[in-house]
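The values are calculated or read from the model by the stated rules, or taken from the named source; none is laboratory data. Keep in mind that what you see is a predicted model, and the values were worked out from it rather than measured. Backbone-built Cβ (ideal geometry, glycine too); neighbour counts: all protein chains shown. All accessible areas refer to the heavy atoms of the entire protein, side chains included, with ligands and DNA or RNA removed. Shrake-Rupley method; radii C 1.70, N 1.55, O 1.52, S 1.80 Å.
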Amino acid sequence: MKVSYVYIETNYDKSVFYTGVTSDIHKRHYQHQVGTYNGSSSKYHTKYLVWYDVFSPITEAIKFEKRLKRWRRS
């Protein structure tokens with residue numbers, strides 16, 4: 001079964017956090033680092049991978065990402 005990743009990237013001063021789901025964590029992290037991943041991640045320069053977790057069905061990864069996005073920073 002194919003694995004999926006839920007990950008969090010941040011910028012240099014940790015003022016912005018980007019949460020996402022991908023099936024290739026290495027490729028996605030590289031896209032963040034060079035700025036080719038469009039959207040808020042390229043706007044806020046989220047280049048530092050601070051956390052990820054592995055999920056087997058992608059539906060579980062998506063559910064967890066949605067729960068994670070509702071969390072408060074504090």
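How many of the residues in segment 34-57 are at pLDDT below 95, out of contact with any helix residue (DSSP H, G or I) (no Cβ under 9 Å at 6 or more places or on another chain) and open to solvent by less than 90 Å² (accessible area, probe 1.4 Å)?
5
Could you grab me the full set of residues in segment 18-74 that are part of a strand (DSSP E or B) and among the hydroxyl-bearing types (Ser, Thr, Tyr)?
Across segment 18-74, the qualifying residues are TYR18, THR19, THR22, TYR48, TYR52.
Given the criteria surrounded by 12 or more Cβ atoms within 10 Å (Cβ to Cβ), out of contact with any Leu (no Cβ under 8 Å at 6 or more places or on another chain) and acidic (Asp, Glu), does GLU65 qualify?
Considered against the rule, which asks whether it is surrounded by 12 or more Cβ atoms within 10 Å (Cβ to Cβ), out of contact with any Leu (no Cβ under 8 Å at 6 or more places or on another chain) and acidic (Asp, Glu), GLU65 comes out as yes.
Before we move on, is VAL16 in contact with a helix residue (DSSP H, G or I) (Cβ under 7 Å, 6 or more places away or on another chain) and either basic (Lys, Arg) or in contact (Cβ under 8 Å) with a residue 60 or more places away in the chain (or both)?
No, not satisfied.
Just to be sure before I move on: is THR36 without any contact (Cβ under 8 Å) to a residue 40 or more places away in the chain and among the β-branched types (Val, Ile, Thr) in the structure I sent?
yes
Mind counting the residues in segment 28-55 that are under 16 Å from MET1 (Cβ atoms) and in contact with a Lys or Arg (Cβ under 8 Å, 6 or more places away or on another chain)?
0
I'd like the full set of residues that are of a type in the set (Phe, Trp, Tyr) and either within 11 Å of the chain's Cα centre (by Cα) or closer than 12 Å to TRP51 by Cα (or both), limited to segment 16-36.
PHE17, TYR18
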